[in-house]
Every structure is written in structure tokens, then in C-alpha cells.
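To start, the structure under review is shown below, and the notes come after it.
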Amino acid sequence: MAQSKYVIEAKDLKKSYGSAKVLKGIDLKVERGTMLALLGPNGAGKTTTVRILSTLLAFDSGTVTVEGHDVTTEPDEVRSVIGLTGQSAAIDELLTGRENLVMMGRLYRLSKASAKARAQELLEEFDIVEAAERPAKTYSGGMRRRLDLAVSLIATPPVLFLDEPTTGLDPRSRLDMWGIIKSLLAAGTSILLTTQYLEEADQLADRIVVIDDGKVIAEGTASELKRKVGKDRLELTFKDDRTLAQAVKVLGQNVIDSDEKELSATVVIKDTNTDVKETLDMLAKQKIPIHAMTIHKPTLDDVFLSLTGKQKRAEKKEDL
Amino acid sequence: MAVPLVFEKRSKTFMAFNDSFIMIKRSGLHIIRNRDQLLGAFFQPIMFLVLFASVFGGAISKALPPGVTYLNFLMAGIIVQTTAFGSTTTAIAVCNDLQKGIVDRFRSLPMSNLAVLNGHVISDLFRNSISTLVMLLAGLVIGFRPHASLTDWLLIAGILFLFTLAFSWLSAIVGVMAKSVEGVQWLTFVLVFPLTFASTAFVPAQGMGRILKAFAVNQPITQVVEAVRALILGTPIGNHGWLAVAWSVGILVIAMPFASWLFRRKTLS
């Protein structure tokens, strides 16, 4: 069978608990060797989606395939190609780091020798060698997560699910984790990551699916999403308030914000190529010197707020 | 990756056994690492034995058949009580696993789901064997004098083995159904305590009221106690041996698939 372009494909995924509809028809695809980030607030349905895709949870309707295997009819085939790192570190607290790795390796059907060798390799790679013979309950939060991730990589699965892998970590440990995840991507692993941190999705993911209230509300690359909502802004800073005042007068309606303390004026630019030049030309014509300038791209925060805000308003309309 | 990985390619059945084996090893390591529990497995039986023998001995020995000391009478009862309570560790272990994320991890692996339960049940068997041996040795020190032959001891081991297995699977059900570890402790206590005390484990049935006696002489714990006691004292075993085995096998046949079904259902929704 020819390998499909997509390692994970979910179509019209629905799941309810009693009358509570948790997923209202989720569609998503993860392209081979890339990362898709599932971005959404708490309770949006991220974890439910991951649990379904990784065979842990039954669902009501829709189809899900991982590496071409249906999660409902061929769960064992799916399980042999996936690794899962959940929100709470799923490691055995009474076993040592090494014992955890070897045990999970054996359960992944690795031979004894392979499991041991791979465990050693991961302990080194994840900087857990010194704590390898200590029970996992003595580990720090960051070390626990590293061990947890190492465990899910024991059989080098081509598909990885990371459910909020950095929630609750300190900034330093989060950066470490990002580094590890980036190197996994570089090695060709396909990853589905869930996160509530916009920066994380922005930093790591090739594509982002924003979900809220069990529905996909936006999809695309980080810059596509940003373009969809916000416009780029050009912030100009001047030497003194006299030049600032002149500039504001020259640019007229284009100025959306001016700050006398910072001596800056902000202009919306629709097209980076033409609008920036135009703005600068207008100032140059009047011989107004510019002290500094920066282009601000909209952040995912802007995207997220505006998207989920819109969603709320749309719902209110439905209610009426 | 630097290390080339070799995967086992064996039959499904072989791998299922292998999974259980790995999980038994895991639970076994838990027994060793969990020092408080291990100390309990050593000292609780000794404490019970000494307390019961010295507190009840004088009063109850008059009701015993001539020539039978209370310690010799008590031994079977206290062994069965200890194994019954020991089996409830399965419930705690299963509940613990379910509360933490580790069951999800196991379930995301291509392993046999039941291996998790198997691991806990079988490791209970180990711990119970340790407790029983400790108790027998302590008993010998304070004056326990069994009349059992080697064959009798093997039969005793067999009966206790089946009984522990049956009770551990029962307690696996409790472990899957309970919402918290505290709940498990409370539930197993309420289930096991009356069963062991409303039996002939510590006193002969003669002195009990009519209803209590009817319950006591017919319930499974009494059958197991009486079978083991007859083998220890070298007295006729009557129907107790068969009934003990029948109860254990009966419980096992129902509890094992039920626990497995519950576990699967619980972990899927």
C-alpha cells in the first residue's frame, strides 16, 4: 500500500457524554513528518480528541485512521506505531527511570537486548543518566516529564501524541522540552501536540487547528492565522515631540495610535511591500527624520482572542 | 537512532503471557519497594497471632475438642483471615493504577490489557505466601504443633492458593469500581471483616446464635478454614475440602471475567 501523505486523519469526529456534546464534528489531518498543534482553551475537547486518536477512548461517530489503520477495528496496529505523552506523567513511581524504560520497551514488543540498549540511549539523550537507578517518585517535575516523553519514544514510534507536554513546567524545563520536541521533528517524527499556550504552537507547529467548544474554528499555519485576523503594524519612533507631531500631521488618517511619552506613531499596513515604502516616502518628502521603526506582526494571542470571541458572539445570536 | 531495534515476533498468546509476566515483575518490584506494606506483611500476622492466642486462648479452649490447643485450632483461621485481608491489596493497587495516568500508557501500548490485573493478582499470591510462612514460623515458636503430613501441607498450599486467587480477583472488581483508594480501604474492610469473623476462623460454631451459625457454617471462608484446620490437626476433613475448592473455583470463574470486563469498560469511556 502506498504511504498516504497524512499519518493521522480524523473525519467528522463526534463524542458525547450523556447529553454533553464534547466533540461536535472535528476534522483534522496530520501530514507525514510535520507537527499539527491542536490549540484551544481548557475544556475545548483537546484531550478527548487525543484520547480517541490514540485508541484510549471510544467515540460516537466519524472515522479515524492512524498510518492507514482504523483506530476502532485495528487498535493493536495503531498502538504499535504511536507514542503517547499525556498530561499527567504516566510513569511508575516505584520503579527507577531505567526500569520504567525497559518495562515499556518490552511491552512495545522490543527484545530484551534492544529494550536495554534503547533505554540507555534515551537516558543519555534526555539527561536522566544520573537519576537512572532512583525510583521515579524522587524526580523533579521537569525530569518526570522528560522520563515520560522518553518512555513514549522507547520504540521510536513514527507518530507521537503530546498532550500538553509543558503544562505546569517552569520556563527553563519548558525550553528544554521544546528543544527535545524540535529534534524529534527534525528526525522525521509526525507529531500531534495539544496546547493552550499560543507561543508553543507558534514556535513548534507546522500547522495549527484552533478548537473551541468541540468545534474547529480555524486552521492554517501560524502566519496564515495571524493574517486572517490581525494586520501588520508599523511603529515609528521619533527624536522629539516636534517631529512626532509633524509626522502625525503628514500621515493623517493612517495613524491609528500615537504615544507622546514613547515618541511613537503606529500605522496599519495592509501590504508590507508597498505600504511601508509609501509611509516612509511621505515622511521623507517633508524631511521628517525617523529615529527607529519596527513592524509588529499580530500574535497568536490576537488571533485566539478574536476567534474565540467571535465564536461566543455567534452562539449568542443562535440563542436569540 | 543509533541502536537498531529488534522486535519480538511471536504468537499473540505468547505475547499475552509475556505481558503478564512483565506486569508480575512490576508488581513484584512494588512489593519490595513499598517498605511499609512489606513490614505490614511481616508483622501484622504475627501481631494477630499472638494477640488472638493470648487473649482468646483461655476462654475458648474449654469449647474445643479434648486434646486440641487453641493455638493449633486458631492457626487455620488466622492464616485464612490474613490471606483474605492480604488479597485486598489487589484492590488498592488496581485503583491506584487507574487514578494515575499509567493505565492510559499501558493501554496505548500494543499489550494485553488484562496483564495489568494479572500482575497485581499474582503478586498478591507472593505476598500472601510470605505472610503465611511468617505466621507458621511464628506459630511454631510459640507452641504450634501441626499433625499434617507433607501431602497435607501440599493440599493446604493448594487450597490457600485457590482461595487467594479467588479473593484477589474479587478485590480487583472492587478496585476497578471504587472511586478512590480511601473508598477501596473502606469497602474491602466492610466486606472482609464480617466474612472472616462470622466464620469458624476464631471460635467454634457451637456457641453462635441460630441465624449467625447458619450463615457461618455455610459461607466460603468457613469451608476454607475448616479444610485447612482438618489437614493441620489431622482430623477428618469431611466435605470441607471439596466445598472450599468449589467455592474458590466458583468465585474465580465469575470474578475473573467480570473484573476483566469492568476494567476494559472503565478504561474505554
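Computed values, structure above
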read-out	value
Local net charge near residue A:274, Cβ-Cβ under 14 Å (Lys/Arg +1, Asp/Glu -1)	-2
Potential extension, residue B:68-residue B:239 segment - 0.36 nm per residue separation minus Cα distance	59.5 nm
Space enclosed by the convex hull of the alpha-carbon atoms of segment A:6-227, per residue, Å³	118
Cβ-based exposure ranking for A:134, A:172, in which fewest neighbours within 10 Å come first	A:172, A:134
Segment B:117-156-segment A:62-111 distance, computed between alpha-carbon centres (Å)	38
Entries in A:249/A:277; A:29/A:231; A:112/B:25 that, when Cα-Cα distance is taken, lie over 23 Å	A:29/A:231
Neighbour-count ranking [beta-carbon atoms within 10 angstrom, fewest first] of B:120, B:147	B:147, B:120
Formal net charge of residues neighbouring residue A:175 (Cβ-Cβ distance under 14 Å; K, R +1; D, E -1)	0
The protein assembly as shown, Cα convex hull volume normalised per residue, Å³	222
Cα-derived Rg to Rh of segment B:141-269, Kirkwood definition	1.04
Unit charges on C-beta of K, R, D, E only; dipole of the protein assembly as shown, Debye	1240
Burial ordering of B:199, A:80, fewest other beta-carbon atoms within 10 Å first	A:80, B:199
Amide proton proximity set for residue A:110, modelled H, under 5 Å, gap of 5+	B:8
Rg to Rh quotient for segment A:231-296, alpha carbon positions, Kirkwood Rh	0.92
Amide H contacts under 5 Å for residue A:93, placed H, 5+ residues apart	none
Net charge of neighbours whose Cβ lies under 14 Å from the Cβ of residue A:114, counting Lys and Arg as +1 and Asp and Glu as -1	+4
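Computed from the coordinates by the stated procedures, all read-outs in this text should not be read as laboratory data. Since this is a predicted model, take the numbers as computed values, not measurements. Here the Cβ is made from the backbone with ideal geometry for all residues, glycine too, and neighbour counts use every protein chain on show.
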